[in-house]
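Every number here is computed from the coordinates shown, using simple stated rules; none is lab data. Computed from a predicted model, the values in this text were never measured in an experiment.
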Amino acid sequence: LPIFQVRECGPLFLPGAQKPKLIEVSPDGLLECGHNAIDEDSCPCLGIFDDHEGLVLEVKCPVEKPKNKLRHVYDVPFRHLFQMHAQMEAVGAQKAWYICHTPQRTILIEVKKNDALWRDLMALIEEMYGNPNSKTFKKTRPRKTRTMKFSGTKKNPVQSELQRYRLECCTLLAERSE
């Protein structure tokens, strides 16, 4: 049977072209193989981890708002896809596990990194927050990138790919109803 261990990561920074600490990320944990296998080809974790690399863990516990029902129970919200891509980039992982716990259920979704989407996203972040000529360059701290809004204009290459990406790269692995 696979044995896992969770390792804390602490805050990590991704550099930009103009800013050495453009984005700050802090994964909730890094899930790693707990076997000390001499022969990695025979390790029971091999089907879960690619080349024995760790998985980023992101845990969310959304609270129902008075007028709204909980949304995104079976989908990873786009803002969390961005966050998890930055975390995967920072730790060198190709996969992440998104765990969403509500009083009704807990779900586990695997997110696979999409390098083309990450490049487009990083270019947009650089343009908005890393460019010394932009309005947000000096007044925005690196971690504020998680709150940036994406318009539905045709100029935004990231927006048009998000729904397709979410369908292709997010897989529901498990659900537990309370």
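In this structure, the amide hydrogen of residue 28, modeled 1.01 Å from its nitrogen in the peptide plane, lies closer than 5 angstrom to those of 57, 59, counting only residues at least 5 positions away or on a different chain. Remark: segment 95-109, residue by residue, has Karplus-estimated 3J(HN,Hα) of 9, 9, 10, 9, 10, 10, 10, 10, x, 8, 7, 10, 10, 10, 10 Hz, where x stands for each Gly or Pro and the curve is 6.51 cos²θ - 1.76 cosθ + 1.60 at θ = phi - 60°.
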